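A.B. asks: There's a structure below that I have some questions on.
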Amino acid sequence: MQELYADVIIDISHEKVDRPFQYRIPEKLRGILETGMCVDVPFGKGNTLRKGYVTGISAQPEIEISRVKEIRGLAAGDVPVEAVMVRLAAWMKRRYGGTMIQALRTVLPAKRPVKALERKTVCLRWGHEEAEELRNECIRKHRTAQARLLGELLEMERLPYELVTSRLNISSSTITGLAGRGVIRVETQEQYRDPVKVSGQGPKRQLSARQSGIVREILGEYDAGTRRTYLIHGITGSGKTEVYIELIREVIARGKQAIVLIPEIALTYQTVIRFYRYFGSRVSVLNSSLSAGEKYDQCKRAENGDIDVIIGPRSALFTPFPNLGLIVIDEEHENTYKSENTPKYHARETAEELARLSGASVVLGSATPSLEAYSRAKKGQYGLFGLKERLTGGCLPEVYIVDLREELKSGNRSIFSLLLQQLIADRLQRGEQIMLFLNRRGYTGFISCRECGNVIKCPHCDVSLSEHRGGRMLCHYCGYEQPAVRICPKCGSRYVSGFRAGTQQIEEKLLEMYPRARVLRMDADTTRKKESYEEILAAFANGEADVLIGTQMIVKGHDFPNVTLVGILAADMSLAAGDFRAAERTFQLLTQAAGRAGRGEKPGEVVIQTYQPEHYSIIHAARQDYEAFYEEEILYRELLHYPPAAHMLTVQIFAREEAAGEKLAHSLKDSAEERYDGVQIIGPAAASIGRINYIFRFAFYMKSEKYDKLIEIKDYLDEKIGKMQLKRESVQFDMDPVNVF
């Protein structure tokens with residue numbers, strides 16, 4: 001019988017996953033051992049028995065056979081959550097490419113050991129008479145610090161250590177001295193860092209008949225043992241979150257835990273508040289803004305069963321819950337659910353696999369579902385539910401499309417159309433709030449010469465520089481900085497200026513027109529600090545500002561009842577992107593932005609300013625008609641074999657020399673073309689940004705209706721790259737990409 005060998009990771013470290021070691025699989029475990037299983041193996045010179053996790057199985061030994069040790073057996077006890085994560089990592093490696101180590105580092109990202117947070121308490125050990133006598137002695141001998149501490153402990157026998165050292169101004173040496181004599185003792189208790197800083201329960205809403213029906217149907221299948229994926233297609237403000245909360249409450253009652261994914265860190269504050277009303281301290285968050293200690297503690301709390309619900313963006317999916325019962329993905333259409341780092345996984349697909357491994361269900365929710373999710377629901381692969389009425393009973397906002405070409409003809413060269421100006425003034429007078437949305441960043445966009453058309457670019461990244469305050473020009477990719485250009489370096493013209501449509505520019509123009517308006521701006525530049533998202537959103541929610549100006553992060557899932565006007569200032573800017581998803585992105589963005597208006601009792605209005613008022617994505621977004629948009633868009637995808645009508649594999653090539661990168665791209669494309677029939681190949685060509693930080697980038701694309709065929713090609717090319725002894729970073733794979741490369 002042929003020998004089989006297992007790659008085993010020893011004692012997974014969450015800060016640095018070590019390389020796997022190869023072991024012989026004993027005959028008793030052949031046909032039983034699978035990836036992810038926990039095994040006992042001899043390790044080191046003394047052959048100490050250690051636990052490890054199987055990451056792969058092969059028939060080829062990597063070292064001399066006589067040096068390969070044998071697995072002793074399967075580890076005793078329950079299957080730990082790490083075993084599930086190892087299996088998930090193996091699935092991600094197969095599906096998305098990269099190495100097993102890269103996949104393991106993705107699914108086990110947050111548990112780097114850190115120093116435990118300790119809570120110290122100073123306690124009196126002596127009796128009151130002895131302590132009083134010592135205190136008097138300290139007073140006589142002018143040991144004032146000791147006397148003061150003893151006096152406080154005689155009043156209250158236990159004091160927080162921080163209070164003693166700060167408020168009472170007593171040094172640690174004084175505490176140590178009294179503890180050394182046995183007069184007092186310092187008790188230390190480990191304490192978890194809790195990043196959730198909300199309080200108050202607030203009102204709980206009753207579910208509508210439709211919401212209750214959705215909960216009953218999903219729970220009915222859950223209790224019958226059916227685990228599947230569901231899509232809730234609900235208009236903005238229809239109460240999808242209330243459905244999530246009730247499902248989670250029921251799953252927790254069954255002894256399970258839940259993960260809630262949100263697309264942006266900016267949504268964490270409002271989402272946590274809504275969940276805290278129901279689950280209190282049993283809910284926590286996990287995202288990149290937390291400190292290493294906070295991340296570590298949330299993982300420990302999850303493992304120990306101290307929390308039931310975790311909320312966060314894509315990476316929160318890998319929270320180590322031992323009894324996972326439900327995964328919720330809110331705003332599932334957002335492209336932030338797709339990782340841009342190897343392995344380039346999609347949270348939706350990965351959540352479905354994690355749910356399969358854990359015996360959990362998945363619930364997706366969106367007012368504008370991705371075409372992938374909606375097409376699967378239409379085919380019956382997902383359960384589909386609709387919520388077509390707003391929870392408050394209010395109507396969807398009135399939407400106006402303003403043709404900016406006509407505005408220019410009438411002589412209005414302002415950022416704001418005449419209609420939007422009138423409505424802003426009206427809302428300010430009535431004390432209602434306004435949101436102004438622009439899909440731009442920084443003080444200006446690109447800087448160009450109006451005479452010759454030359455665009456000022458980063459010398460390292462082949463992207464336009466953005467002008468910022470203080471006469472600086474910045475590259476938002478590599479950070480290159482130079483003084484602002486006043487004379488064109490190509491033709492010498494002085495007609496050099498920027499496309500002034502940044503959020504800062506809008507803020508300035510707004511204050512020129514409405515100097516008494518209280519304005520907040522929320523974009524990548526104003527949210528650099530850890531708690532800046534929460535501070536801005538809380539201030540706006542509390543009525544401390546009349547207008548919130550921002551980029552995409554302000555239109556994703558926020559609920560402000562007093563917002564009755566939304567202005568979309570550059571609606572069709574995203575249509576200019578060289579991406580087959582441009583129309584879908586535009587429709588989703590406009591629909592989500594429009595949905596911020598009129599979520600309370602007051603009716604809302606929306607102004608969409610555009611140069612392409614006849615485009616179908618803008619027309620259907622104004623009507624809030626997803627079905628009509630879907631039917632039109634899916635025909636386009638089917639005609640051109642784009643996802644979800646077919647699948648697509650992007651092969652991305654990175655090289656320090658342009659010629660070498662182009663040669664490698666053509667070589668890999670030719671190899672795939674020669675070996676595989678029935679696969680459409682596009683390219684290779686330079687990437688949309690051809691160079692970043694001195695690295696040249698190329699890509700070619702392959703389309704096929706069969707996903708497995710593309711995985712087969714990926715594996716073949718990966719093997720070929722290995723034989724060429726190229727660095728793994730030289731070539732990357734992206735299955736069904738959501739962003740243009």
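The values are calculated or read from the model by the stated rules, or taken from the named source; none is laboratory data. Given the structure is predicted, the values throughout are model-derived calculations rather than measurements. In this analysis, Cβ positions are derived from the backbone assuming ideal geometry, glycine residues included, and neighbour counts consider all displayed protein chains. Calculation scope for accessible area: heavy atoms of the full protein, side chains included, ligands and nucleic acids excluded. Shrake-Rupley method; radii C 1.70, N 1.55, O 1.52, S 1.80 Å.
A.B. asks: Please turn the phi angles of region 676-693 into ³J(HN,Hα) values with the Karplus equation 6.51 cos²θ - 1.76 cosθ + 1.60 (θ = phi - 60°), one per residue in order, whole Hz, x for glycine and proline.
C.D. replies: 10, 9, x, 10, 7, 10, 10, x, x, 8, 5, 5, 4, 10, x, 8, 10, 6
A.B. asks: Skip the ligands, DNA and RNA, and give the accessible area per residue of the chain with a 1.4 Å probe, whole Å².
C.D. replies: 46 Å²
A.B. asks: So, one more: Over the chain, what relative contact order in percent results from Cα pairs under 8 Å that are six or more residues apart?
C.D. replies: Normalised by residue count, the contact order of the chain is 11 percent.
A.B. asks: Taking Cα pairs under 8 Å and at least six residues apart, what relative contact order does region 280-328 come out at, in percent?
C.D. replies: 43 percent
A.B. asks: Could you please put Leu520, Leu290 in sequence from largest to smallest accessible area, using a 1.4 Å probe?
C.D. replies: From most accessible down to least: Leu520, Leu290.
A.B. asks: In a shell of Cβ-Cβ distance under 13 Å around Ala59, excluding Ala59 itself, what net charge do Lys and Arg (+1) and Asp and Glu (-1) give?
C.D. replies: Its environment carries a net charge of -1.
A.B. asks: Give me, ordered by chain and number, the residues 5 or more places off Glu70 or on other chains with an amide H under 5 Å from its own placed amide H.
C.D. replies: Close amide H contacts, sequence-distant or interchain: Arg24.
A.B. asks: To make sure I understand the rule: partners must be aspartates and glutamates, Cα under 14 Å from the Cα of Lys388, and not fewer than 8 residues away in the same chain. Which ones qualify?
C.D. replies: Reachable aspartates and glutamates: Asp625, Glu627.
A.B. asks: Taking amide H atoms as placed 1.01 Å from N in the peptide plane, list the residues 5 or more away in sequence, or in a different chain, whose amide H sits under 5 Å from that of Leu324.
C.D. replies: When sequence neighbours closer than 5 places are left aside, the close amide H contacts are Gln257.
A.B. asks: Same structure, new question: Quick query: amide H of Leu436 versus all other amide H atoms, modeled in the peptide plane; which residues come in under 5 Å with a sequence gap of 5 or more or a different chain?
C.D. replies: Amide H neighbours of Leu436, under 5 Å, 5+ apart: Leu548, Ile549, Gly550, Gly567.
A.B. asks: Would you calculate a helix-derived [θ] at 222 nm for the chain, using -39,500 (n - 2.57) for each DSSP H run of n ≥ 4 and dividing by the full residue count, to the nearest 500?
C.D. replies: -10500 deg cm²/dmol
A.B. asks: Here is a further query. What dipole magnitude, in Debye to the nearest 20, does the chain give about its Cα centre under +1 on Lys/Arg Cβ and -1 on Asp/Glu Cβ?
C.D. replies: Approximately 1460 debye in magnitude.
A.B. asks: Could I ask something else about it? How would you order 320-330, 338-348 from highest to lowest mean count of nearby Cβ atoms within 10 Å?
C.D. replies: My ranking of the peptides, most packed first, is 320-330, 338-348.
A.B. asks: Roughly how many Å² of Trp126 are accessible to a 1.4 Å probe, to the nearest 10?
C.D. replies: About 70 Å², ignoring ligands and nucleic acids.
A.B. asks: Taking a ≥ b ≥ c as the square roots of the Cα gyration tensor eigenvalues, with a/c under 1.5 meaning rounded and otherwise prolate when a/b beats b/c, else oblate, which class fits region 266-425?
C.D. replies: prolate
A.B. asks: Where does each of 466-473, 484-491 land if you order them by average Cβ count within 10 Å, highest first?
C.D. replies: Highest to lowest by the protection proxy: 466-473, 484-491.
A.B. asks: Leaving out ligands, DNA and RNA, and with a 1.4 Å probe, what % of the accessible surface on the chain is carbon or sulfur?
C.D. replies: Its accessible area is 47 percent carbon and sulfur atoms.
A.B. asks: By average Cβ neighbour count within 10 Å, what is the ranking of 599-607, 707-715 from highest down?
C.D. replies: 599-607, 707-715
A.B. asks: Taking 20 Å as the cut-off for C-alpha to C-alpha distance, list the pairs among Lys28/Lys69; Lys295/Lys344; Lys669/Lys727; Lys669/Lys709; Lys93/Lys714; Lys457/Lys727 that go past it.
C.D. replies: Too far apart for the 20 Å limit: Lys295/Lys344; Lys457/Lys727.
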